[in-house]
Amino acid sequence: MGKRNSSRTSREREAIVIGGGIAGLSAAIYLGRAQLDTLVVDSGHSMAKWEPAVQNYLGFPEGTDGGDLLKYGVRQAKHYGVDFATDEIKNVTRRKAGFTLRGRRRSYHTQRLLLATGIFHLPPKIAGVRECLGHSMFFCKDCDGYRVRGKRIAICGANNEAVEYALGMLSYSACVIIATNGDRPRWSRRHAGWLREYEIPVHREKITRVAHSRCQVCALHMKGGLEVRIDYIFTTRGDIFHTRLAESLGAHLDRDGQIEVDQCMRTSVPRLYSAGCVTPANCQMIIAAGQGAAAAQAINRDHFEDSLQTHSLRRLREEQIETKRTEPEEKRP
């Protein structure tokens with residue numbers, strides 16, 4: 001139980017985590033501290049790197065860099081004996097008591113698998129946007145609404161969600177517009193009524209570029225020459241959930257395309273777990289960290305129960321009895 005093997009590349013792991021983002025690292029720390037032989041396979045695409053100033057993560061009153069959170073998480077997991085591999089897993093197959101993973105670089109074997117593969121937020125296809133990601137162009141009002149208080153805000157989108165975002169941002173600023181970027185509005189009559197009721201301006205022109213200085217948005221330049229001066233952009237273009245591996249294993253997805261899990265982060269596939277933004281959780285870093293911890297605790301518990309059923313804990317105990325002191329020293333009066 002939890003015993004390490006000297007062959008790091010070929011041995012079967014007790015747990016493998018795919019994804020080195022916040023959820024995956026949180027899980028790895030718990031798995032390592034439980035002394036499970038754990039490997040994190042990471043392709044390096046965590047969305048946390050897009051957040052240079054995370055302001056709502058517990059314990060950082062001045063905010064922190066998302067990249068630093070990842071760096072500290074890796075350091076912490078390694079401190080507890082977790083191994084890391086930089087690789088991209090191309091496919092996973094189920095075995096009798098586990099999984100075989102095939103990556104671009106090598107293959108891996110594990111008894112239990114945690115998918116923390118995350119999400120990708122689609123930025124608008126507008127010149128100048130990418131330079132502003134995480135600085136003055138955001139995806140989440142719950143994360144970043146507070147930091148744009150009193151500023152000029154553009155919601156880039158043409159659906160019901162864009163309207164609701166604009167309405168929600170009124171709590172932070174009086175100056176909120178919707179820019180459809182030339183798309184035909186797809187919002188409902190009810191949402192159109194709200195736009196009129198709350199007098200939210202709508203710009204339907206194609207956006208030719210975003211003017212910015214040092215990652216700070218300055219203005220939207222529209223087709224026809226119109227320039228709209230703003231300070232921040234929020235977008236509702238959509239999300240891509242990285243569920244390909246889960247689907248290939250037969251895991252159930254919800255109607256939004258997210259991996260269904262129970263309260264212990266178990267999927268519909270035995271020994272397969274999932275945590276973080278690829279599940280129906282609200283996509284917040286601190287929630288992802290909590291889900292990773294919950295998944296790891298479930299893995300640790302399931303591993304312990306298996307050790308009783310397979311008698312591997314008994315074999316460990318026999319080795320302890322043979323080679324180590326198993327009772328404390330006693331001193332009688």
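Cβ-Cβ contacts under 6 Å between residues 6 or more apart (or on different chains), taken from a first residue in the stretch 6-23 that is modelled with pLDDT under 95 to a second residue that is in a strand (DSSP E or B), are listed as E12/H109.
Looking across the stretch 199-239, the residues that are closer than 21 Å to D144 by Cβ and hydroxyl-bearing (S, T, Y) come down to S213, Y232, T235, T236. For A154, indicate whether it is hydrophobic (A, V, I, L, M, F, W, C) and more than 30 Å from H303 (Cα to Cα). Spelling it out, A154 is indeed hydrophobic (A, V, I, L, M, F, W, C) and more than 30 Å from H303 (Cα to Cα). Across the stretch 268-298, the number of residues qualifying as of a type in the set (S, T, Y) and more than 18 Å from Y30 (Cβ to Cβ) comes to 1. For G134, the conditions (1) in the same structural domain as R214 (by TED's automatic domain parsing); (2) at negative phi all hold with the exception of (2).
Only one of the listed residues (R271, R301, R266) is at pLDDT 95 or above and touching a Lys or Arg at 6+ places or on another chain (Cβ under 7 Å). That residue is R271. Checking E197, E164, E205 one by one, the residue that is modelled with pLDDT of 95 or more, of a type in the set (D, E, K, R) and exposed (fewer than 14 other Cβ atoms within 10 Å of the Cβ) is E197 and no other.
Residues that are in the same structural domain as M137 (by TED's automatic domain parsing), closer than 18 Å to C140 by Cβ, modelled with pLDDT of 95 or more and surrounded by fewer than 16 Cβ atoms within 10 Å (Cβ to Cβ) do occur in the stretch 169-192, at least one of them.
Within the stretch 41-86, being more than 15 Å from A23 (Cα to Cα), in contact with a Lys or Arg (Cβ under 7 Å, 6 or more places away or on another chain) and crowded, with 18+ Cβ neighbours inside 10 Å holds for one residue alone: D83. On inspection, V261 qualifies as closer than 28 Å to K141 by Cβ, in a loop (DSSP other than H, G, I, E, B) and modelled with pLDDT of 95 or more.
When you scan the stretch 112-227 for strands (runs of 3 or more DSSP E) that lie fully inside it, which ones turn up with 1 or more residues that are over 30 Å from the mean Cα position of the chain (by Cα)? First the steps, then the outcome.
Working: elements: 113-115, 119-121, 153-156, 176-179, 207-213, 216-222.
The qualifying strands (runs of 3 or more DSSP E) are 207-213, 216-222.
Being part of a helix (DSSP H, G or I), at pLDDT below 95 and assigned by TED's automatic domain parsing to the domain that holds T117 narrows it down to one of A28, A48, so name that one. Before you say what the answer is, go through the steps one by one.
Working: A28 fails: at pLDDT below 95.
Going through A28, A48 in turn, just one is part of a helix (DSSP H, G or I), at pLDDT below 95 and assigned by TED's automatic domain parsing to the domain that holds T117: A48.
Pick from the stretch 228-250 the residues that are in a loop (DSSP other than H, G, I, E, B) and in contact (Cβ under 8 Å) with a residue 24 or more places away in the chain: which of them is surrounded by the most Cβ atoms within 10 Å (Cβ to Cβ)?
Our first condition is that a residue be in a loop (DSSP other than H, G, I, E, B); within the stretch 228-250, this holds for 230-231, 236-238, 242-243, 249-250.
Pick out the ones that are also in contact (Cβ under 8 Å) with a residue 24 or more places away in the chain and you get 230-231, 236-238, 242-243, 249.
Details: I230: 21, D231: 17, T236: 23, R237: 18, G238: 11, H242: 20, T243: 19, L249: 18.
It comes out as T236.
Scanning the stretch 87-111 for residues that are surrounded by fewer than 15 Cβ atoms within 10 Å (Cβ to Cβ), more than 23 Å from the chain's Cα centre (by Cα) and of a type in the set (D, E, K, R) yields R95, K96, R105, R106.
Beta carbons closer than 6 Å, at least 6 apart along the sequence or on distinct chains, pair a first residue in the stretch 122-149 that is without any contact (Cβ under 8 Å) to a residue 60 or more places away in the chain and surrounded by fewer than 19 Cβ atoms within 10 Å (Cβ to Cβ) with a second that is in a loop (DSSP other than H, G, I, E, B) and not charged (D, E, K, R) for R149/Y172. Consider the stretch 251-265 and keep the residues that are out of contact with any helix residue (DSSP H, G or I) (no Cβ under 6 Å at 6 or more places or on another chain) and within 22 Å of K96 (Cα to Cα). The one that is surrounded by the fewest Cβ atoms within 10 Å (Cβ to Cβ) is H252. I'd like to know if the stretch 33-40 contains one or more residues that are at pLDDT below 90, assigned by TED's automatic domain parsing to the domain that holds R317, part of a loop (DSSP other than H, G, I, E, B) and crowded, with 22+ Cβ neighbours inside 10 Å. There is no residue in the stretch 33-40 that is at pLDDT below 90, assigned by TED's automatic domain parsing to the domain that holds R317, part of a loop (DSSP other than H, G, I, E, B) and crowded, with 22+ Cβ neighbours inside 10 Å.
The values are calculated or read from the model by the stated rules, or taken from the named source; none is laboratory data. Keep in mind the model is a prediction, meaning the values are calculated, not measured. Here Cβ is always computed from backbone atoms with ideal geometry, including for glycine, and neighbour counts include all displayed protein chains.
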